[in-house]
Structures are given as structure tokens and as C-alpha cells.
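First comes the structure, then the notes that go with it.
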Amino acid sequence: MDLKLITQRVQSDLQYIKEFTATPGSGCTRMPFSQETRYTAEYLKKVMADAGLEVREDCVGNIFGVRPGKDRSLPCIMVGSHYDSVYNGGDYDGIAGVISAVELARLLRDEDAELPCDFVAAAFMDEEGCRFGTGYFGSKCMLGQMTIEECRHYTDKDDISVYDAMKEYGLEPERLSEAAWPEGSIGHYIELHIEQGPVLDAEQTEIGLVDCIVGIQRYLVTICGRSDHAGTTPMDMRQDAVDIAAKVISKIGDMAREEGKGTVATVGYMKVTPSAMNVVAEKVDFSIDIRSSDNEVINRIAEKIRKELDEETGKTGASYSIDSKLTITPVNLNPGMLDIMEESCRKRGYSCRRMPSGAGHDALAIGQTIDTVMLFVPSKDGRSHCPAEYTPYEAFAKGILVLYDLIGQLQPQTGSCEK
Ligand code: HGY
Ligand code: MN
Ligand code: MN
């Protein structure tokens with residue numbers, strides 16, 4: 001198999017898709033159910049069809065391309081990632097994993113290879129959760145873990161719900177349950193992704209074999225104070241939502257630092273109302289994203305934050321509410337699949353190392369119940385979720401060859417299933 005040809009085909013697809021952004025010149029902004037995802041979806045359906053796959057878009061915007069295997073009743077091998085992005089993100093996060101799955105299909109076609117079971121290339125909608133503050137929407141729909149009520153509940157910063165955004169995009173959210181795959185129909189899930197961190201690049205290691213993915217809890221906190229005149233209201237008469245939020249937020253980073261073991265906690269979104277220089281803030285909304293490979297640590301930090309909110313609002317008679325946006329536990333990935341990939345790297349002479357993932361990925365949701373593995377390729381200077389995100393195209397080609405070895409050696413899960 002020709003590394004150069006694989007590199008060229010991956011490069012051509014990714015360079016074409018990078019144009020589908022709402023912020024040209026300022027990184028990739030491809031929000032779920034947007035015009036940018038629509039353009040990308042149509043392109044993905046085309047390249048999947050060109051790769052000889054049976055292509056369909058499901059009722060929530062996920063796209064699947066299937067290469068029939070010898071026994072179609074066996075659970076499939078699914079390879080994929082997401083095709084949405086963060087605001088002003090990079091050109092590789094998610095989408096490079098989708099194109100890598102398409103390239104695997106092209107290699108299977110070129111080799112006229114028939115796997116024992118179906119091979120499925122998957123492109124998931126709204127993994128990031130950037131627009132609605134959630135995460136893993138498309139993969140959770142595939143797993144049958146999303147409800148219409150949740151679609152009505154979660155809204156974006158313009159108060160548009162997932163439900164309404166889906167309708168505007170031409171989908172029928174009432175058919176949500178049809179997106180769920182039959183229990184046992186997916187035997188293995190594999191995701192190639194940029195590392196989005198500094199480890200591989202710093203060590204000059206070519207392949208990351210991901211053995212575990214951190215758990216995540218995401219919240220939107222709303223502090224309700226009282227708007228007052230900034231000049232005439234004495235300090236001891238205020239219910240200043242920003243003052244309260246600042247006191248709580250200033251402690252969150254240290255809560256993660258005290259726990260250590262790679263624990264992180266981030267406040268990435270804040271909104272002040274009415275947001276005027278001479279008005280004491282009535283309301284502050286802010287996000288919290290807590291991650292650790294130890295679920296007890298995440299719970300402990302969430303509890304500490306609640307205590308701080310109780311204390312600081314209690315001092316002034318203000319109040320608060322917490323909207324839980326995402327709760328997902330850490331997941332250990334499949335050791336057998338990791339061993340096969342490690343052996344492939346050894347044979348191909350690629351340097352590799354086992355490592356955890358601090359980023360979530362669709363593999364975090366899917367790996368809760370299905371044999372799953374991830375392969376990382378280096379991110380230059382560890383940068384991601386920003387326009388500076390960069391990975392050489394050849395790095396993807398090497399990862400794809402390792403995955404080609406993996407899917408060729410995987411024994412399908414036993415037990416057929418209705419499709
Ligand atoms: O936030 C994450 O971990 C991923 O980039 N969705
Ligand atoms: Mn991603
Ligand atoms: Mn991401």
C-alpha cells in the first residue's frame with residue numbers, strides 16, 4: 001500500500017472540507033445543523049459513494065457508509081469520528097478521523113478485500129456540544145441514549161433548541177429513536193484522532209495508542225443577583241452576580257490542581273446580564289467542564305463547587321441554579337485491539353506509546369458499551385481547538401495503515417444481530 005497515495009487522497013479531502021467554515025480566515029466554525037455541516041455532509045456522502053460504500057444520512061444528521069462483509073448478520077466494525085467543530089477551531093479535529101475512515105474504505109476497495117463482517121465509516125453530528133453546551137449528540141443518538149425531551153431542553157445562545165435547529169436543518173426530531181442501532185449490531189468501534197495535546201509532538205512519537213479516556217461532567221451555572229446602580233448602591237446592600245461568580249470561579253482551578261493526576265476544570269463560557277459598566281450585574285451564566293480519569297475526583301470537585309455557590313450566594317441573599325449538560329464516566333479501551341495496533345507499529349517501524357486521552361471524543365460515549373480503541377496522531381505544539389491546530393497529512397496516512405492492519409485482524413464479535 002502506497003503511503004504517498006494515501007497522504008494525497010487524505011490531503012485533498014481535508015483541504016476541500018476546510019472551506020466549509022462560518023469563519024473563513026479565522027479557523028473552522030462548523031456548528032451542528034448549520035449550512036457548513038450541510039455542505040460537509042454532502043461532500044462526505046459523495047466521497048463515501050466514490051469509495052464504493054452504501055451511503056445513508058440518518059434522521060439526526062449522522063452519515064454512514066457501509067462496505068458489505070462476508071456475513072452481514074455479524075456485528076460490524078465501525079470506524080469514524082465527528083464532522084462538527086468548535087468555534088474558530090482547527091481543520092483536523094474530528095473530520096480527519098472521518099476522512100481516515102473513508103480512506104480505509106478506499107483501501108479495502110483497491111485491495112478488493114472482503115472483511116468477515118460489514119465495515120462502516122461513520123461521521124457523527126455534534127460531538128463537540130459547542131452550540132448547545134452538551135456533547136456526543138450524534139453518537140448518543142446512535143446508541144439510543146438521547147431523548148426528544150432533551151432535544152427540546154437544550155438551547156444555544158440564541159435560545160434555539162436542538163429540536164428547532166434540527167427542524168430548520170430539514171430533520172424530523174420526532175423520529176429521533178430511529179437513529180438508534182439495534183443492540184449488538186456494532187462489534188468494534190475505532191477512532192483515529194489528533195492528540196490535541198503536547199505529548200506525541202514533544203516526544204517525536206508517531207502513533208498514540210489510547211488506553212483510556214477521561215470522564216467529563218459539564219454544567220451551566222446561573223447566579224441570580226439583583227441589578228442596581230453601580231454608583232449609589234452601598235457594597236453591603238448588593239447582590240452582585242459577578243462578584244459572587246468571580247469568588248466561586250477563582251477557586252475552581254485550584255480544586256483541580258489540588259487533585260492532580262491530570263485532573264482539569266475549565267470555565268470557558270460566561271455571560272453577564274445586563275452587562276453594563278454602571279450597573280451591578282443581575283445575572284451571570286457560566287460553564288464548568290470537569291475531567292479526570294477518576295470519577296470520584298470529578299464528583300468531589302462538583303460537590304465542592306456546589307458548597308462554594310451555597311456559601312457565596314447565602315451571604316447576600318442571591319440564588320443560583322445548575323443545569324447539568326453532560327455526565328459521562330471514564331472508559332478503558334480494548335486491550336486486545338491496542339495489542340494488534342502496537343504489533344502493527346512495530347512491524348511498520350512506527351514509534352508508538354500508550355497514553356490516556358484528556359479529550360472526550362465519540363469513543364468516550366461509544367466505548368461505555370462497545371469494544372473501542374483510539375489511535376492518536378501528533379498535534380504540532382499540542383495546539384487544538386484553535387486555528388493553529390496542525391498535523392502533517394502523512395501522519396494520518398501512517399495511522400490509517402495501522403488501522404488497516406487492525407481491521408484486517410479483528411475477529412468479528414460472535415452472535416449475529418438483526419440489522
Ligand atoms: O471537548 C472535548 O473533549 C472534545 O474535543 N469534544
Ligand atoms: Mn474531536
Ligand atoms: Mn474537539
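The values are calculated or read from the model by the stated rules, or taken from the named source; none is laboratory data. Because the structure is a prediction, the values reported are computed rather than measured. Glycine also receives a Cβ, built like all others from the backbone with ideal geometry; neighbour counts cover every protein chain displayed. SASA here: full protein model, heavy atoms, side chains in, ligands and nucleic acids out. Shrake-Rupley method; radii C 1.70, N 1.55, O 1.52, S 1.80 Å.
Quick check on the range 115-212: take the gyration tensor over C-alpha atoms, sort the square-rooted eigenvalues as a ≥ b ≥ c, and tell me if it's rounded (a/c under 1.5), prolate or oblate. Since a/c reaches 1.5 but b/c is at least a/b, the shape of the range 115-212 is classed as oblate. Each label point was placed 7 Å from the Cα along the Cα-to-Cβ direction; for K380 and D159 their separation is 4.4 nm. Annotation for the range 1-82: GluC sites (Glu not before Pro) lying in DSSP loop with at most 13 further Cβ atoms inside 10 Å of their Cβ are E19.
With each label modelled as a point 7 angstrom along the Cα→C-beta vector, the Q145-E19 pair spans 3.7 nm.
Shape class of the range 337-419 from the alpha-carbon gyration tensor: oblate, with a/c at 1.5 or above and b/c at least as large as a/b. Per-residue SASA remark: I77, around 0 Å² accessible (1.4 Å probe; ligands, DNA and RNA not included). Computed with a 1.4 Å probe over protein heavy atoms only, the accessible area of D164 comes to about 80 Å². Once the 1.4 Å probe is applied to the protein heavy atoms, the chain comes out at 41 Å² accessible per residue. Among the GluC sites (Glu not before Pro) within the range 358-419, which fall in a DSSP loop and have no more than 11 other Cβ atoms within 10 Å of their own Cβ? Counting only loop positions with at most 11 other Cβ atoms within 10 Å, the GluC sites (Glu not before Pro) in the range 358-419 are E418.
Spin-label model, T327/R257: points 7 Å from Cα along the beta carbon direction are separated by 2.9 nm.
Other residues lying with their Cβ under 15 Å from the Cβ of R226 contribute a combined charge of -3, Lys and Arg counting +1, Asp and Glu -1. Think of it as helices only: each DSSP H run of n ≥ 4 in the chain is worth -39500 (n - 2.57), and spread over all residues that comes to -11000 deg cm²/dmol at 222 nm. Distance from the Cα centroid of the range 284-351 to that of the range 105-143 is 24 Å (rounded to whole angstrom). Residues T37, T222, T316 ordered from highest to lowest accessible area at a 1.4 Å probe: T316, T222, T37.
Placing unit charges on the Cβ atoms only, positive for Lys and Arg and negative for Asp and Glu, gives the chain a dipole magnitude near 360 debye about its Cα centre. For the chain, with all protein chains in place and a probe radius of 1.4 Å, 49% of the accessible heavy-atom surface sits on carbon or sulfur. Charges were assigned to the Cβ only: +1 to each Lys and Arg, -1 to each Asp and Glu. The resulting dipole of the range 21-85 about its Cα centre is roughly 140 debye.
Note on the range 216-327: Cα convex hull, mean projected area over all directions, 6.6 nm².
To the nearest 10, the accessible area of R226 is 90 Å² with a 1.4 Å probe. What shape does the chain have by the C-alpha gyration tensor, where a ≥ b ≥ c are the square roots of the eigenvalues, rounded means a/c under 1.5, and otherwise prolate means a/b greater than b/c and oblate the rest? In terms of gyration-tensor shape, prolate.
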